[in-house]
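A quick write-up on the structure given underneath.
The values are calculated or read from the model by the stated rules, or taken from the named source; none is laboratory data. A quick note: this is a predicted structure, and the numbers were derived from the prediction, not measured. All Cβ positions, even for glycine, are placed from backbone atoms using ideal geometry, and neighbour counts span all protein chains on display. With ligands, DNA and RNA removed, areas are computed over all heavy atoms of the protein, side chains included. Shrake-Rupley method; radii C 1.70, N 1.55, O 1.52, S 1.80 Å.
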Amino acid sequence: MNCHLCQKNPTKAVIILQHGALCKSHFLHYFEERVFKTINKYRLIERNDRLCVAASGGKDSQTVLYLTKKYLENYKIPATLEALAIDEGIDGYREKTLVDLKQFCKKLNVPLTIVSFQEALGKPLDEAYPLVNKDTKKKPCNVCGVWRRYLLNKYAKQKGATKVVTGHNLDDEAQATIMNIFKAHTKLAGRLGPVSGTEELDTFAQRVKPLYFCPEKEVRLYALLKEFQIQFGECPYAREGFRHDIQEMLNTFEHKYPGTKQGIINSFLALMPLLKENKEKEDNQKIKVCNSCGEAANHEMCNACKIKEVLDAAK
Amino acid sequence: MKLQVKNERENSLKKIVFAGTTVQELLKQLKINPETVIVVRNNEVITEDEELKDKEQIELLSVISGG
């Protein structure tokens, strides 16, 4: 199939979208425009921001890092930009993506900081997870998710970041929305959307998601066509998680009923003002300071310290 | 026709006998959801309607990665 925009010089398409097929050049332009429109519409980046990109070296974080830098340059925005990576300590997986990330940051001239579970919390995930699981039955993704969010927030704040830029794409967000509905986590639903967290709280760095409207397949295609150095890597724990089943279900639906993921996001966005309003009311009443580490917490102790406490007791 | 299929996610290279003609039919035969792969031939991304030829090598890049 040829690109529907290249009418004078027929060019082979690289993707077929619902509104037509696009060649490499038109797809790259379309993708970048959508990311920049998302940033503008939701005011994800402002002139005085100090941006910290949560990076792993995979397709999503390389794409969001590259496009955030391009956005700042195109719009002549003086916001500062750096990258922060969390090394969970997953043997045979994370070290590969970090090699790619280091090279990518060097090429883009973006400073990179790497914080590991080992140095910040005492053990890599591979060692921590079986000990924590023994007492709590928590799955690796539960431990990893809590600690990753904790360290990203803590170190971004330490660096003086006003915003954490993440590579969450449309698939990630559609999955999270359905996961929250299936588990009746209505409070967590208030944390989704192109902007999450609140700027009023000193203990939280606001998170912004420029790839919010980009399907995962398009992010992979963009990274491929831009020739970003990305080794294929899948977390060895990924297939154990609840998210994996939701991901497969949504991909099956998307294939059979195109537009499903976008539909989920549109429904969420229609409800978002109500969810955010409820969450802000609750946050103002409930956000506390962890009595162990001083970071934000919903209870006397934050979830990261609770896991660490179980781990310390298991030693 | 015979094809060589390189699958990034499985880290495999297999020779298969393909009964159809298009990429879409190939993915159906391999029971792979098109949402989860990008199909490459001779270093060029191809769409699902593209016709395949005997003895070609096709690469299936995984859309899903990370955690």
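Below are the figures for this structure:
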read-out	value
At R0 = 22 Å, FRET efficiency that the Cβ-Cβ distance of B:LYS28 and A:MET249 yields, to 0.05	0.70
Summed residue charge, Cβ within 13 Å of A:LEU250's Cβ, Lys/Arg positive, Asp/Glu negative	-4
Estimated distance in nm for a label pair at A:ILE181 and B:ARG41, the labels positioned 7 Å out from Cα along Cα-to-Cβ	3.8 nm
Computed E for A:ASN40/A:ASN133 - FRET, C-beta separation, R0 51 angstrom, nearest 0.05	0.70
Other protein chain Cβ atoms within 10 Å, averaged over every residue that makes up B:53-65	4
For B:MET1, solvent-accessible area (1.4 Å; no DNA, RNA or ligand), Å²	70 Å²
Local electrostatic count at A:PHE117 - Lys and Arg +1, Asp and Glu -1, tallied over other residues with Cβ under 11 Å	-1
Efficiency of FRET from Cβ geometry, A:ASN2 and A:GLN118, R₀ 56 Å, rounded to 0.05	0.60
Solvent-accessible area, 1.4 Å probe, carbon plus sulfur percent, for the range A:72-182	50 percent
Net charge contributed by nearby residues that have their C-beta within less than 13 Å of A:VAL35 (K/R +1, D/E -1)	+3
Accessible surface ranking that places the most exposed of A:HIS255, A:HIS244 first, with a 1.4 angstrom probe	A:HIS255, A:HIS244
Rounded Å value of the spacing that divides the Cα centres of the range A:1-50 and the range A:114-158	37 Å
Largest to smallest accessible area among A:HIS4, A:HIS19 [probe 1.4 Å]	A:HIS19, A:HIS4
Tilt relative to chain A, helix A:303-314 - C-alpha long axis, 0 to 90 degrees, to 10	50 degrees
